[in-house]
Amino acid sequence: MPQKFVLRAAAIAAASALILAGAAGSASAHVTVSSPDAKPGGYAKLVFRVPTESDNASTTKLVVSLPKDHPFAHVGAQVKDGWKVVKTTEKLPQAVKVGDVTLSEAITTVTWTAAAGGVPPNDFDEFALSVGKLPEGVDSLNFPAVQTYSDGEVVKWEELAKDGADKPEHPAPTLKLVTAVTPVAASTEVDNPDTLARVLGGAGLLLGLIGLGLGLRAGRTRKATP
């Protein structure tokens, strides 16, 4: 078989695989949480990504539950055009010390409700919180969420993944708290790609000059021999 036909068939197969992967990804989309600056002991922006998994209904309401075992002393909700936001405060089962503050009550849920429209079918939107301080000595935080559609459907994203088990169908949004550690070697000049290239290039040039000098010397030696 000519090579060009083999390459064309491979390209078509790769494109088909990408399409299937994209379809599978969209089918398994769920409410997630991420943060560009979350660090234990600090303040962070939490971003909840909410896809509307419906062909004919919109997302009209989102309720996010905050951890009661690690409450936040500060919770600021993003103000979004076309959405009403409500923060609900509850009395904690027991007082919790957060930094220099001891909390007996805390904001435990934040609710966004669409005044009109909402998140259209097959689209997504993002809802943000500013919280702090994040707990120390904790690997992750769970934020169960409830998503309501314009047709009355309610989806609860509150299932927790268990070790060794398959990923749950409706997982709770989970934020990983991992402190980034910069390797010591990364700060040295030799690890810079440009610097390393210049060093290697200079070494190669030096070796070339040495080889050329030895060659010329050998040539003169042969000519001087009777």
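The values are calculated or read from the model by the stated rules, or taken from the named source; none is laboratory data. Just so we're clear, the structure is a prediction, and the values are computed from it rather than from any experiment. Virtual Cβ from ideal backbone geometry, glycine too; neighbours counted across all protein chains shown.
Could you give every pair whose Cβ atoms fall below 7 Å, whose first residue belongs to the range 80-103 and is in contact (Cβ under 8 Å) with a residue 24 or more places away in the chain, and whose second residue is of a type in the set (D, E, K, R) and in a strand (DSSP E or B), counting only separations of at least 6 or pairs across chains?
Listed pairs, sorted by first residue: Leu92/Glu105.
Could you list, in sequence order, the residues of the range 143-154 that are crowded, with 17+ Cβ neighbours inside 10 Å and either without any contact (Cβ under 8 Å) to a residue 12 or more places away in the chain or not in a loop (DSSP other than H, G, I, E, B) (or both)?
Scanning the range 143-154 gives Ala145, Val146, Gln147, Thr148, Tyr149.
Looking only at strands (runs of 3 or more DSSP E) that lie completely in the range 36-142, which have at least 2 residues being modelled with pLDDT of 95 or more, closer than 21 Å to Leu175 by Cα and under 23 Å from the mean Cα position of the chain (by Cα)?
Because the criterion is at least 2 residues that are modelled with pLDDT of 95 or more, closer than 21 Å to Leu175 by Cα and under 23 Å from the mean Cα position of the chain (by Cα), the strands (runs of 3 or more DSSP E) in the range 36-142 that meet it are 44-51, 59-65, 74-77, 101-114, 124-132, 140-142.
Working only within the range 109-142, note down all residues that are within 20 Å of Asp81 (Cα to Cα), surrounded by 13 or more Cβ atoms within 10 Å (Cβ to Cβ) and small (Gly, Ala, Ser).
Of everything in the range 109-142, those that are within 20 Å of Asp81 (Cα to Cα), surrounded by 13 or more Cβ atoms within 10 Å (Cβ to Cβ) and small (Gly, Ala, Ser) turn out to be Ala114, Gly118, Ala128, Ser130.
Are there any pairs with C-beta distances below 7 angstrom linking a residue in the range 35-58 that is in the same structural domain as Lys80 (by TED's automatic domain parsing) to a residue that is assigned to a loop (DSSP other than H, G, I, E, B) and among the acidic types (Asp, Glu), with the two at least 6 apart or on different chains, and if so which?
Pro40/Glu136; Gly41/Glu136; Ala44/Asp37; Lys45/Asp37; Thr52/Asp123; Ala57/Asp151; Ala57/Glu153
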